[in-house]
1. Test Ala41 against the stated conditions and say whether it is touching a residue at least 40 places away in the same chain (Cβ under 8 Å), surrounded by 13 or more Cβ atoms within 10 Å (Cβ to Cβ) and within 23 Å of the chain's Cα centre (by Cα).
2. Between Ala32, Ala72, Ala105, which is modelled with pLDDT of 95 or more and open to solvent by less than 30 Å² (accessible area, probe 1.4 Å)?
3. So the check is Cβ under 6 Å with 6+ separation or different chains; which pairs have a first residue in the stretch 87-98 that's on the phi > 0 side of the Ramachandran plot and a second one that's crowded, with 21+ Cβ neighbours inside 10 Å?
4. When residues of the stretch 216-270 are filtered for being open to solvent by less than 30 Å² (accessible area, probe 1.4 Å) and polar (S, T, N, Q), how many remain?
5. From the set of residues in the stretch 332-362 that are outside any loop (DSSP other than H, G, I, E, B) and hydroxyl-bearing (Ser, Thr, Tyr), which is surrounded by the most Cβ atoms within 10 Å (Cβ to Cβ)?
6. If a residue has to be over 20 Å from Leu74 (Cβ atoms) and in a helix (DSSP H, G or I) to count, how many in the stretch 25-47 make the cut?
7. Only one of these conditions is not met by Asp12: (1) part of a helix (DSSP H, G or I); (2) closer than 17 Å to Ala349 by Cα; (3) modelled with pLDDT of 95 or more. Which number is it?
8. Kindly list the number of the only condition in (1) under 28 Å from Thr87 (Cβ atoms); (2) surrounded by fewer than 17 Cβ atoms within 10 Å (Cβ to Cβ); (3) modelled with pLDDT of 85 or more that fails for Tyr153.
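The values are calculated or read from the model by the stated rules, or taken from the named source; none is laboratory data. The shown structure was predicted, so the numbers you read here are calculated from the model rather than taken from an experiment. Glycine also receives a Cβ, built like all others from the backbone with ideal geometry; neighbour counts cover every protein chain displayed. Remember, those area values only see protein heavy atoms, side chains included, never the ligands or the DNA or RNA. Shrake-Rupley method; radii C 1.70, N 1.55, O 1.52, S 1.80 Å.
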Amino acid sequence: MSAPRNPDRPFDVVVFGATGFTGGLTADYLAAHAPEGLRWAIAGRNADKLAAVRERLGVDVEVLVADSTDDAALADVARRARVVVTTVGPYLQHGAPLVAACAEAGTDYLDLTGEPEFVDRMYLEHHRTAERTGARLVHACGFDSVPHDLGAYFTVRQLPSDQPITLRGVVRSAGTFSGGTFHSALDQFARARDMKRTYAARRRAEGRPDDGRSSRSVGGRPHRDPVLGYWLLPLPTIDPVVVARSGAALEAYGPRFRYSHWAGTKTLRYAAGGVVGVGALSLAAQVRPVRDFLKGKVPQGSGPDASRRDKSWFTVDFVGEAGGRTVRTRVAGGDPGYTETAKMLAEAALCLALDDNPETSGQVTPAVAMGDALLDRLQAAGITFSVVD
């Protein structure tokens, strides 16, 4: 285990994008829950808006002005921070310069991306640099993919690690997802070929686990789950890839790990509607004017009010099998798209800045970077991880 790194830097945590909706919620969470003495700052491109955020927070927090296209300003932010968290997306358009700055400066980096192509590109371009400098580049630290990655991590520890493990995660929720998530999803559908090429390049670059273990995500057709009783619809998200990468890195996932990822519905009608809806959205995203029209209907940087978020919830049920044993677990929390996403990102930032974590560097998953420390933080913050039976 390692002690917190870069203790001589002036800021423990910098929140980049604090003037946006989710960035503002992340700053709100830190203002309310950060331990006394945390040295943190908010950053973005508009000084006046940042000043308004600081006034709203009511805490003594530094303001750093930097545009996502200004390499020199981003390098200065990265050199002054131990951990930088960013909510500025879509990341494929706006995220790469900050990743580069953090990798070069040896600064830990966290984001909320659910964009597989961006994550794979950042691995190809910056993983080796981050390994050299000691930076931990941790993508997908919101609802994509913390409940799934840490939920899988929690579940496999209930199973024998010397046996092949088969695991499935089933997501259910009542909540509104962010405009940024919607924009990113449309862009991903439109760039399916680019995603496949970048993913293949990454697979060639990283190779297989050195110890001969095998870990990957697997798909499937809609069907009824015999254990949970839900109708299952494959979820085309980044989550199963993140889980499989944790499985490749950690021996607890067994010699052969397979993970499948689903949306769960109570009726066949809703499952069929989901298939049609995803297919229609994918087709619409191929046509630029239609894609732009849809983006205009769900603007970025805004979200539901607190009363609506308070009524939202999510669950992720896991069913794991190994050595003739079956275990079922559940991760549960509140509003997935905003409130819990901000909580997960903020707690991950505090975890990297303040806790003892596994000794690692380069691009790593949340489970690999933080493991038990983040699991403990999330549970203390009100996100439940439980063995159901």
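1. Yes, satisfied.
2. Matching residue, one of Ala32, Ala72, Ala105: Ala105.
3. none
4. Here the count works out to 3.
5. Thr341
6. Number satisfying all stated conditions: 7.
7. Of the numbered conditions (1) part of a helix (DSSP H, G or I); (2) closer than 17 Å to Ala349 by Cα; (3) modelled with pLDDT of 95 or more, the odd one out for Asp12 is (1).
8. Unmet condition: (2).
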